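The values are calculated or read from the model by the stated rules, or taken from the named source; none is laboratory data. Predicted model, so just to flag it, every value in this text is computed and none were measured. Backbone-built Cβ (ideal geometry, glycine too); neighbour counts: all protein chains shown. Only protein heavy atoms, including side chains, enter the accessible area calculation; ligands, DNA and RNA are left aside. Shrake-Rupley method; radii C 1.70, N 1.55, O 1.52, S 1.80 Å.
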Amino acid sequence: MHDLILRAARLPGRDAPVDLAIDAGRLTGKPSRAGREEIALDGRLVIPGLWDAHVHFGQWARTRGRLDVSRAGSVAEACTTVREAHADGLLIGFGFRWATWADTPTAEALDAARTAPTVLLSGDLHTAWVNTAAAAELGCRTGVLREDEAFAAERALDAAPLPLAAVADAARAAASRGIVGIVDLEFADTVEQWSARIAAGVDALRVSAGFYPDLLDARIAAGARTGLAVAGTRGLLTHGPLKVITDGSLNTRTAHCVDPYPDGGVGMQNVDAAALTALMSSATAAGIDCAIHAIGDAANTIALDAFAASGARGTVEHAQLLADSDAARFAVLGVVASVQPEHALDDRDVADELWAGRTGRAFPLRALLDAGARVVLGSDAPVAPLDPWIAIGAAVHRTREHRPAWHGEHALTVDEAIASSTRTKVAPGEVADLAVLDDDPWTAGPDALRALPVALTLVGGRVTHASL
Ligand SMILES: [Zn+2]
């Protein structure tokens, strides 16, 4: 199965092209035998297949069909995008970021743009902007809904079944960017979802299936150790970490910080230290890793304390603002920092305002690596697109759209960014999860790196994307 030879592959740092042979899904050092399928790479670069360490896949698959309002810089611009959409029925837009807008979204403004049901969701999903017709359809208020009201409206929108074709399409799109695997942290039973999807032929991705505390007892009872393959999924689906959301977000001023926000308040700690340690201890005793959402510096300190107290393995998700002394604790405790570099660029202006004087320790990727910590990159799709080159480009250049770099002292090298996005090596005996590139990330400029073209993607030696 999947015996293949890739002719004239170029490996990073080596001049002479090599042939890569794949037997039964793994790279082999043995000389090739005749009769196997061959693909000519003509000197293209080959790197290990890429992983996205933080995805909400169902949300992402839905978002891809929604109106993009991420470019709007004001209420008027968002309404113009809605007016020009020419959609029928319920229109859902996604991605507006209004923390720095001069004006405030209202139901009247959205009604004037469109009388048919219309809902716009903010880029962090913590705000829903609802017109009169949509409020009647969803059974919610009109205007701007925040936090729990927004989440309720989103659940109502998500009650409509997600077509398998939309899932398959999103998986194919990820493969076309060199993705071989994701950690799915969707708010759902991801083991059940992906078992059904894989059985139905959606097999372009490896998936580590994360879950939330409501499923912890059931997972422990089922013996769902992290990394264990789920039966009947050809090894593509493995049990993933317990995710616990301990604080809020920067844009909603709910990330739990040591110092107050400009308008007062230090954010929210949703799970206190004792409860967090108890949850993590239960998971750890069952062989389950922990993925602890912590954005503010106070929340990160509490999360690291809980790792120390419980002896848990796993990640801090986001790690956006860190106390200076905490970067080293990631290394000492062996806690992985699971970060989303594109959020730094989405939120740089908000951070400059809400975390003024503290942004030197915001998204501190360089400080983490220099302290000896392991960093893994992700998108938090749909918050940022499920595209590893956007994350890698943001980590390396700390800018986009020709602005000056934002805290360039925390930039990663291309080598570091790719190493933080991969789990395997291109070497004999390794699983043949590979991405073949149509450009050179080591010489690509900022725009080209974000859009880096991928010629071929292989999962276990099986072609999941080809455009060569
Ligand atoms: Zn997330």
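Solvent-accessible area of HIS343, all protein chains in place: 10 Å² (probe radius 1.4 Å, heavy atoms, ligands and nucleic acids excluded). Between ARG146 and ASP3, the modelled labels are 6.4 nm apart [label points 7 Å from Cα along Cα→Cβ]. Think of each Lys and Arg Cβ as +1 and each Asp and Glu Cβ as -1; about the Cα centre, that makes the dipole of region 64-157 roughly 180 debye. Summing Cβ point charges (Lys, Arg +1; Asp, Glu -1) relative to the Cα centre of region 238-382 gives a dipole of roughly 480 debye.
Rounded, prolate or oblate: pick one for region 349-468, where a ≥ b ≥ c are the square roots of the eigenvalues of its C-alpha gyration tensor, a/c under 1.5 means rounded, and failing that, prolate if a/b is larger than b/c, else oblate. Show your work: numbers first, answer last.
Numbers: a/c = 2.27, a/b = 1.73, b/c = 1.31.
Since a/c reaches 1.5 and a/b is larger than b/c, the shape of region 349-468 is classed as prolate.
You can think of it this way: the chain between LYS30 and ASP158 has 41.1 nm of extra reach, that is 0.36 nm per residue less the Cα-Cα gap.
For region 363-413, rounded, prolate or oblate, judged on the Cα gyration tensor with a ≥ b ≥ c (square roots of eigenvalues), a/c < 1.5 rounded, else prolate if a/b > b/c? It would help to have the intermediate numbers written out before the result.
Details: a/c = 2.38, a/b = 1.18, b/c = 2.02.
In terms of gyration-tensor shape, oblate.
Positive-end ranking of PRO260, ASN270, ALA40 along the dipole of the chain, with charges on Cβ about the Cα centre, is headed by ALA40. Against the main long axis of the alpha-carbon atoms of the chain, helix 297-310 sits at an angle near 50°. Extending 7 Å from Cα along the Cβ direction at ASP111 and again at ASP169 yields two label points whose distance is 3.3 nm.
How big is the dipole moment of the chain about its Cα centre under a simple scheme where the beta carbon of each Lys and Arg is +1, that of each Asp and Glu is -1, and everything else is neutral? Debye, nearest 20, please.
Values: 41 positive and 59 negative charges, 274 e Å.
That gives the chain a dipole magnitude of about 1320 debye.
Residue ranges 8-17, 118-127 sort as 118-127, 8-17 when ordered by packing (mean number of other C-beta atoms within 10 Å per residue, highest first).
Helix 164-175 and the long axis of the chain differ in direction by around 60°, with both axes built from C-alpha atoms. Need one word for region 285-326: rounded, prolate or oblate. Basis is the Cα gyration tensor (sqrt eigenvalues a ≥ b ≥ c); a/c below 1.5 gives rounded, then a/b vs b/c decides. It comes out prolate by the Cα gyration axes. Legend: calculated FRET efficiency, ARG374 to LEU90, from the Cβ-Cβ distance at R0 = 35 Å, rounded to 0.05, equals 0.20. In this simple spin-label model, placing a label point 7 Å from the Cα along the Cα-to-Cβ direction at both LEU468 and ALA40 gives a separation of 1.2 nm.
On full extension, the segment bounded by ASP352 and ALA331 gains 4.8 nm, given 0.36 nm per residue less the C-alpha separation.
Per residue, what volume in Å³ does the convex hull of the Cα atoms of region 278-352 enclose? All intermediate terms of the calculation are to be shown ahead of the outcome.
Details: hull volume 6.3 nm³, N = 75.
Hull volume over Cα atoms, normalised by residue count, gives 84 Å³.
Of THR100, CYS140, HIS86, which is farthest along the charge dipole of region 64-157 in the positive direction, counting Lys and Arg as +1 and Asp and Glu as -1 at C-beta? Value: HIS86.
Give the accessible surface of the chain per residue, rounded to a whole number of Å², with probe radius 1.4 Å and ligands, DNA and RNA excluded.
Working: 18250 Å² over 468 residues.
Per residue, the chain has 39 Å² of solvent-accessible surface.
Put simply, region 238-336 fits an ellipsoid with semi-axes of 23, 14, 11 Å; these come from the alpha carbon gyration tensor as the roots of five times its eigenvalues, largest first.
In plain terms, the chain from ALA405 to GLU430 could stretch by 5.3 nm, reckoned as 0.36 nm per residue minus the Cα-Cα distance.
How much of the accessible area of the chain, probe 1.4 Å, is carbon plus sulfur, in whole percent?
Details: 9780 of 18250 Å².
Result for the chain: 54 percent of the exposed heavy-atom area is carbon or sulfur.
Average 1/r across all pairs of distinct alpha carbons in region 64-157, invert it, and you get the Kirkwood radius: 12.7 Å. Eigenvalues of the alpha-carbon gyration tensor of the chain, scaled by 5 and square-rooted, set the equivalent ellipsoid semi-axes at 35, 27, 24 angstrom, largest first. Label reach from THR104 (point 7 Å along Cα→C-beta): in region 53-88, amide nitrogens under 16 Å belong to 75-76. Relative to the longest principal axis of the Cα atoms of the chain, the long axis of helix 273-285 makes an angle of roughly 30 degrees.
For the chain, what does the helix formula give at 222 nm: sum of -39500 (n - 2.57) over DSSP H segments with n ≥ 4, over the residue count, nearest 500 deg cm²/dmol?
-8500 deg cm²/dmol
If you wrap a convex hull around the alpha carbons of region 1-122, what volume per residue comes out, as a whole number of Å³?
On the way: hull volume 25.9 nm³, N = 122.
Hull volume over Cα atoms, normalised by residue count, gives 212 Å³.
Across the options ALA113, SER420, PRO213, the greatest Cα extent toward the positive end of the charge dipole of the chain (unit charges at beta carbon of Lys, Arg, Asp, Glu) belongs to SER420.
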